[in-house]
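What follows is a single structure, written as structure tokens, with notes after it.
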Amino acid sequence: MYYRSALEENNANSENVSSGEEPQYEKESLPQNELKVTEKDLKMTWFRWWLTVEVPHSFERLQALSFQWAIMPVLRKLYGKNPEELKEAYKRHLVFFNTQGTWGGAPILGITLSLEEQRARAIAKGEEAPDPNIINATKVGLMGPLAGIGDSVEWSTIMYLLIAIALPWAKSGSAMGALFPLILFPVITYAYGYYFLRMGYRLGRESVSVLLGGEKIKTLITGLSTLGLFMMGILTSNYVSVSTPLKWTISGKVFELQAILDKILPGMLPLLTVLLVYWYFTKKGLKVLKVLGWMVVIFFILGWIGVL
């Protein structure tokens, strides 16, 4: 519907030109004081992106359709009475795009809106506008590095922390064990994703250096990583159960190997199991099914001969 509306406006202007009348639009799309991306525009853009980022994927464009749909109202606001510029803006945001939704998509959306606003204002003033190739190059150059940090923080840290918190509820049979991560994760990511979008718009391309190199972000990532290690230790001690029934008698006194190990370091066997699995992952890669298969075989043999 957006495309059809823009096309109809363009056709109407073309008919006016062919009949000798003046076109209905000038270089500027709106008065100068209206060529401004507002807080409402940012909120709408973020909601549209957050809602559809993983929906209309295609092999040719991946997230480009979601990106273009998210900023479409702002583009129409900036270039609404200049159909040629509007169509070109639509086209440049339909090229291949793929990144992580919040840490990647949010700041890139903000930066893109900032650059498009600068371009619209320059066109309205009759000045030399920023090259649209700069906008595309910025998007392409940032989508990879920002995706890497986003995947490691969200799916490897935040989600696992929420699951770890909810595990006791799940173990006790409470539905909150399943609902807690599913509800809280989107709320948390939506909140700081919008913050990243506003930061991207406010600082432009400099926001990336703030995001990746800022001390607050580094402190946050370090803190989350440290907390993740603590949670891994807690999960290991509570949910990994490995013990040995081995015992022997010397001079009439019975010695139990498990009791001795517990005096040295409680939970030593579960810890060794986790460390061996981690060592395997670092050497052979994240081959989870293969590790599970080997663990079933090894523990079956050790249990059969009475070692574990």
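The values are calculated or read from the model by the stated rules, or taken from the named source; none is laboratory data. Keep in mind that this is a model prediction, so the values were computed, not measured. Note: ideal-geometry Cβ built from the backbone for every residue, glycine included; neighbour counts use all protein chains shown. SASA here: full protein model, heavy atoms, side chains in, ligands and nucleic acids out. Shrake-Rupley method; radii C 1.70, N 1.55, O 1.52, S 1.80 Å.
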**Item:** Members of the range 159-174 found to be touching a Phe, Trp or Tyr at 6+ places or on another chain (Cβ under 8 Å) and among the aliphatic types (A, V, I, L, M), listed by number
**Value:** Met159, Leu162, Ile165, Ala166, Leu167
**Request:** List the number of the failed condition for Ala70; all other conditions in (1) over 30 Å from Phe180 (Cβ atoms); (2) part of a helix (DSSP H, G or I) hold.
**Result:** (1)
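Filter the range 68-97 down to the residues that are touching a strand residue (DSSP E or B) at 6+ places or on another chain (Cβ under 9 Å) and open to solvent by 60 Å² or more (accessible area, probe 1.4 Å) and list them by number.
The answer is Phe96, and nothing else.
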**Message:** I need every pair where a residue in the range 245-268 that is over 20 Å from Leu302 (Cβ atoms) has its Cβ under 7 Å from the Cβ of a residue that is at pLDDT 75 or above and assigned to a strand (DSSP E or B), sequence separation at least 6 or different chains.
**Reply:** Val254/Lys247
**Message:** So if I check each of Gly101, Gly105, Gly126, which one is of a type outside the set (Asp, Glu) and at positive phi?
**Reply:** Gly126
**Residue ID - farthest from the chain's Cα centre (by Cα), chosen from residues in the range 34-67 that are open to solvent by less than 30 Å² (accessible area, probe 1.4 Å) and over 24 Å from Val187 (Cβ atoms)** = Leu35
**Asked** What pairs can you find where one residue is in the range 281-308 and β-branched (Val, Ile, Thr), the other is modelled with pLDDT of 80 or more and surrounded by 10 or more Cβ atoms within 10 Å (Cβ to Cβ), and their Cβ atoms are less than 7 Å apart, with a gap of 6+ or different chains?
**Response** Val291/Val277; Val291/Tyr280
**Item:** Verdict on Ser243 being touching a Leu at 6+ places or on another chain (Cβ under 8 Å) and more than 27 Å from Leu161 (Cβ to Cβ)
**Value:** yes
